[in-house]
Amino acid sequence: MLRFLTDLPIRIIAWISDLLEITLRFFAGFLDRGNFEDSGHPVGLYRSLNRKLGQFFWFLAKLISYPIAGFFYRGKRRQAFLCSIPFCVLASSVMASCLLVAFNRERILNRYLARVQNAYSKQDGPKGVRAAMRWIGDTEYANADRKFLYSLVEIQNGNAGSAERILEGLSPRDSTGLGIAHFWKASQCVGKLEESNLGESQRIELLEDLDWHLERASGVRPEQIALLESMKAYWDGRLDEAESKYRKVFESDFSQSLGFAALLKRLGKDQERQAVLRTGAERMGEGLRSDPWNRAYRVQLASLYEALGEWGRAEQVNLEGYKIHRDQDSIDAYLASMERRAEAALKEPRDLREVAYCLVKFLRTSRAGPRVQDIMVRSLLRPQSELLELQKQLQQWLVEGLDLPMVHLSLSFCKGLSGDDTSRDWHLEQACRYEPSTLGLAQSLIVAMQEASKNQQQMHERMKRWQVLEGSIDPKKR
Amino acid sequence: MDKKITIGLLIAAVAMQTTAIGLMLKQIAFAGLSMDLALFFLAFALMVLTGMVTPFSRSSTDEHPIRARYLILFVSAAVGTCLLGVLSNDPVWVFRAAGLCFAALIALVAGFSTNRLFYLGLVLCMVPLSLWKTAPWVHSLAQWLASSFAGCLLDIYKVFYFAKGNVIGLVSTDFLQNESCSGLRLIYPMILLAIAYGCFNGYRFPRFLYLLCVLLFWAIVSQGAWIAVEAIMQDRQSTKVSYNSGTVSVILFASVTLLTWSGDQFFSAFFGPSSDKESETSIDAKKIELTNDKDISDSKVPWMVLWSMLVGIAFLGGWSIYKGQWAQGLNLRQYEAISAVESLKLESAVEGWKIGPATKSTESFSPVFRQTPDWKHWEWDLTPDQSREGSMKLRIDGIWIALPRPDWLWRWYGWKPDLVLSEDNGSFSFALKRSIVEEAYVVTKGVRVVGDSTLPGPVVQVSLVHESVRPITEKQRKEHKELHARGVEAIEKQLDFGAAIGDSIR
């Protein structure tokens, strides 16, 4: 049955030789047309074109065989051939390198894409943007996902405007766009809805926008989309639906406690809000105990304590973070929390015990910086009765043993502004005895307070007559 | 007799254009292009010498005197350029027409061939090459090709880069390779050399065209290779790597010349006869062909046409002299104009904008096609007060003898025009786009350093640029134009010292 296989190799060889012959005949036909020995005879258009084609094939054949044929030239032509070698070799290399790059274009661009991803993960925005510039203008290569990556590195590079423009381009109103860009746009709509000065028509337009983008949002966790849906329900006036949707998210993810608490506050459910915050804080605390290096948990926990008004605990969480991380981020987190605490204390009705505490803490951490000067102005340049109350609170902190040099310094300023020059100098002396460097701090703060109290004549005069000279206080004398 | 009349008329045609020639030479002297001029004279002298002196005239045996029809063709080109110059008020074209006539004159007197006439004409048209308005465009295209090739090499070498139009920047550094991407270096002497070489060898037009193409190819490739080498040296270095640009230019020049010559050898080897014997036969055949080819000298009509055209050129020259078209003098030196621009003082604040010298200017370069050796770039930042959005840059570029297209600089850095260029009282305004988020709006004007505003002359380009990530609104554009007009007015007031010095530059 398979006997025909025995002569198959011979048949294959015969087929190949036939094919070769046909090919050669075909090309020979072309080359033959280039044989223009009969060029003197007038020819028609077709014949002329045919001849040109043949000449072109001859030219190609000559060009291809040139590297070998050249060695058989003689005389001046051979000399010219040898001199043309640098030209031929280098020109071929130039062509080859261009072709190499052209054929590997996608692979090369992928290399750049990987470089952008790498820069993004290392938060090196400028480098990421520069690497992305190689492909961002290439409409074929820069698809929506890659443009989104570009927007992320632009944010890292500090160009939020560029990033926003790209995201807007990725979340159009007339075509599909990118899910995550629609999510971004939807959250932007929610943010705009929070603004109180919106007219009714604007609100309706924003709600329509929110609806459009929310329908197309994807590429994020379902909980994140559910949050926006809940907010949409809230702005649509479906309050129960908003609460139930948010509650579902909260139950599966306790990091949403703050947002849920904010919604409950809007709905006027303060008791439930407190309960949510407490539950969230407990869960976050548990999470932080199992993973103390987790910054996100720490920030969340501190914020939850702040929302509950438990500033001491929030401070403790931030201080603990500083002890663990020992970096600028943790310092910034601590100071930002303290600032919020000071703002809360300075809000009417003022909590002067807290104000005194913040003043002392800021004097310790920020020395004579603008932050301290601002708090001193807002807490000390006040009516006499309030100043006296603040002094009482500072005295109390003195008794409780809080940072003695800074409390004495604060008291010194209080006394100075209320006109009690003897106590003022005594407190400053005490502060300097505990910590001699306090003198320099006091001098710069006095200058700042003299400048700030210009609008309050009596206090300005009191500050003006306060002169602290180097060496006027003996730190050893107790 | 015909020849004598033609020579006489050619002398008259050239002589009648002396005012325009003088003006052009003064412009070249003002521009300080002495090196270019010296090279040109050298190439011209070489070509005339090789035509006249026997030991050099290798191809004289193959050559035959110019025919009237070629002279007509040549002179008609001169008539065209002369008309263009007179009508467009541009002495460069008149100068070229005079150059063509002068080439014809020399060829007739010395008995040169048509081939040599072509080369002489070409060289004489090349004199004010650097003043060509097309130079930015030509350099831009060539630089783009060179930068693209440099990109290929960098990709092969795995150095990460990006391109802003014609200029390459490295991912590892935060500045652009402005210096190496500022146009094709030494292209003028290279082209002169190619013309002289073609003339010396008596190449016909197709062969010369091939030579020119090979030269441009290697000029672009070598420039690209140098950009790549510089980028490789610069990669991962935080500060700019310094090098001697003079040495680099010499190396590039030598390699381009060598490779062009090698390319010419390729032509000889590829199309040449397969043996010396065959070569001799082909020359004989050519000689026979040449002797058989007859001139049309019997008829008077071509000569009459030629003479009437020459009379026309002479008449145009006379008309220009009568009208005083090119009569203005040039009594200003370049350094005076530069010091006038350098002594410009801008106000520190204008209507809600603070003006201060630019601290970082990435898109600024000194182009190789500049028209003065002391070409400068000044830039100021306009920072808005709280009530305004965005930031602007005021920049002054120059000095130009003939200002190129108003948007040349931005096109160089890859900006694409978004709207049509619009002109309003000499100021051009246009919107630009780049990548997917960069938008810009530019208002620019060529402000004369001195004198007469009706004629081309030394100008500085004063531009107000607003870059943004959002499209610039109509209101912003209007405000932008007003601000630019105020700035230009202030600058013009300070630069208006022409009256004190005397005549204007043209």
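Values quoted throughout were computed directly from the atomic coordinates according to the rules given, and no laboratory measurement underlies them. Worth saying up front: this structure is predicted, and the values here are computed from it rather than measured. Cβ sites come from the backbone with ideal geometry, for glycine too, and all protein chains shown count toward neighbours.
Starting from the amide H of B:Lys164, placed 1.01 Å from N in the peptide plane, find each other amide H under 5 Å away whose residue is 5 or more places distant or on another chain.
B:Gly169
Cα centroid distance between segment A:380-450 and segment B:339-377, in Å?
54
Give me the inter-chain shielding for B:143-152: mean count of other chain Cβ atoms within 10 Å, whole number please.
Mean partner-chain Cβ count within 10 Å for B:143-152: 2.
Once label points are set 7 Å from the Cα along Cα→Cβ at both B:Ile321 and B:Val241, what is their separation, rounded to one decimal in nm?
In this crude label model, B:Ile321 to B:Val241 measures out at 5.9 nm.
At a Förster distance of 30 Å, what's the computed FRET efficiency of B:Val301 paired with B:Val109, Cβ-Cβ distance as r, to 0.05?
The computed FRET efficiency comes out at 0.80.
Quick one: putting +1 on the C-beta of Lys and Arg, -1 on the C-beta of Asp and Glu, what dipole do you get for segment A:299-391 around its Cα centre, in Debye to the nearest 20?
Once rounded to the nearest 20, the dipole reads 260 debye.
Hey, with R₀ at 56 Å, roughly what FRET efficiency would A:Gln316 and A:Leu100 work out to, going by the Cβ-Cβ distance, to 0.05?
0.35
If you average the alpha carbon positions of segment B:23-43 and of segment B:169-188, how far apart do those two centres end up, in angstrom?
27
What relative contact order, as a whole-number percentage, does segment A:351-478 give when Cα pairs under 8 Å and 6 or more residues apart are counted?
Reported as a whole number, the value is 24 percent.
Which FRET efficiency, nearest 0.05, do A:Tyr434 and A:Gln396 yield, Cβ-Cβ r, R0 25 Å?
Using R0 = 25 Å, I get an efficiency of 0.85.
With Rg and the Kirkwood Rh both taken from Cα atoms, where does Rg over Rh land for the protein assembly as shown?
Across the protein assembly as shown, the Cα-based Rg/Rh ratio is 1.12.
HN-Hα J couplings of segment A:104-118 from phi, Karplus 6.51/-1.76/1.60, θ = phi - 60°, integer Hz, Gly and Pro as x?
10, 4, 5, 4, 5, 5, 4, 4, 5, 5, 5, 5, 5, 4, 5
Going by how many other Cβ atoms sit within 10 Å of their own, how do B:Cys199, A:Cys83 line up, fewest first?
Listing B:Cys199, A:Cys83 from fewest to most nearby Cβ atoms yields A:Cys83, B:Cys199.
Could you check the spin-label model distance between B:Lys481 and A:Arg378? Points 7 Å from the Cα along Cα→Cβ, value in nm.
For B:Lys481 paired with A:Arg378, the spin-label model returns 4.8 nm.
So what J values fall out for segment A:299-304 if you push phi through Karplus, 6.51 cos²θ - 1.76 cosθ + 1.60 with θ = phi - 60°, rounded to Hz, Gly and Pro as x?
Karplus-based 3J(HN,Hα) across segment A:299-304 equals 4, 4, 5, 4, 5, 5 Hz.
Post the alpha-carbon centroid distance, segment A:199-271 to segment B:83-151, in whole angstrom.
73
When we measure straight from the Cα of A:Lys147, which lysines land under 29 angstrom away, once same-chain ones fewer than 8 places off are left out?
Answer for A:Lys147, where 29 Å is the Cα cut-off: A:Lys122, A:Lys127, A:Lys185, A:Lys192, A:Lys232, B:Lys158, B:Lys164, B:Lys360, B:Lys393, B:Lys416, B:Lys433, listed by chain and number.
Counting only other residues whose beta carbon sits under 10 Å from that of B:Lys393, what net charge do I get with K and R as +1, D and E as -1?
With Lys, Arg at +1 and Asp, Glu at -1, the net is -3.
Work out how much length A:Asp174 to A:Arg340 would gain on full extension: take 0.36 nm times their residue separation and subtract the Cα-Cα distance, in nm to one decimal.
55.4 nm
Using +1 at the Cβ of each Lys and Arg and -1 at the Cβ of each Asp and Glu in segment A:347-399, identify which of A:Ala368, A:Leu380, A:Ala356 lies farthest towards the dipole's positive end.
A:Ala368
So if I place +1 on the C-beta of Lys and Arg and -1 on the C-beta of Asp and Glu, and nothing else carries charge, what would the dipole magnitude of chain A be about its Cα centre? I want it in debye, nearest 20.
2360
Spelling out what I want: for every residue of segment B:159-164, take phi, set θ = phi - 60°, compute 6.51 cos²θ - 1.76 cosθ + 1.60 (Karplus), and round to whole Hz; glycine and proline get x.
Residue by residue, segment B:159-164 yields 9, 7, 9, 9, 10, 10 Hz.
Amide H neighbours of A:Leu381 under 5 Å, counting only residues 5+ apart in sequence or on other chains, H built in-plane at 1.01 Å?
none
Helix A:311-325 versus the longest principal axis of chain A: what angle, 0 to 90°, nearest 10, using Cα atoms?
Roughly 50 degrees, rounded to the nearest 10.
Pairs of alpha-carbon atoms within less than 8 angstrom and 6+ residues apart define the contacts here; what relative contact order does chain A have, in percent?
The value is 5 percent.
Dipole size in debye (nearest 20) for segment B:334-501 around its Cα centre, Lys and Arg Cβ +1, Asp and Glu Cβ -1?
The dipole of segment B:334-501 has a size of about 360 debye.
First check a/c for chain A, with a ≥ b ≥ c the square roots of the eigenvalues of its C-alpha gyration tensor; if it is under 1.5, answer rounded, and if not, answer prolate when a/b is larger than b/c or oblate otherwise.
prolate
Could you pull out every residue, at least 5 positions away or on a different chain, whose amide H is within less than 5 Å of the one on B:Lys354? Hs are placed 1.01 Å off N in the peptide plane, and Pro or chain starts have none.
Those lying under 5 Å, H to H, from B:Lys354 are B:Thr383, B:Asp385.
Quick one: compute the contact order of segment A:179-252, relative version, from alpha carbon pairs under 8 angstrom and 6+ residues apart, as a percent.
Rounded, it is 33 percent for segment A:179-252.
Starting from 0.36 nm per residue, how many nanometres of slack lie between A:Leu267 and A:Lys62 once their C-alpha separation is accounted for?
65.0 nm
With each label point set 7 Å from Cα along the Cα-Cβ vector, what nm distance links B:Ser343 and B:Ala38?
Roughly 3.1 nm, to one decimal.
If each residue's Cβ is checked for other Cβ atoms within 10 Å, how do A:Phe81, B:Phe95 rank with the fewest at the top?
If I rank by nearby Cβ atoms, fewest first, I get A:Phe81, B:Phe95.
Quick check: residue separation of A:Glu451 and A:Ser201 times 0.36 nm, minus the Cα distance between them. What number comes out in nm?
Contour length minus the Cα-Cα distance gives 85.1 nm.
In terms of Cα to Cα distance under 21 Å, which lysines are near enough to B:Lys300, apart from those fewer than 8 places away along the same chain?
B:Lys3, B:Lys4
Once every DSSP H run of n ≥ 4 in chain A is given -39500 (n - 2.57) and the sum is divided by its residues, what mean residue ellipticity at 222 nm do you get, rounded to the nearest 500 deg cm²/dmol?
When only DSSP H runs of four or more count, the value is -25000 deg cm²/dmol.
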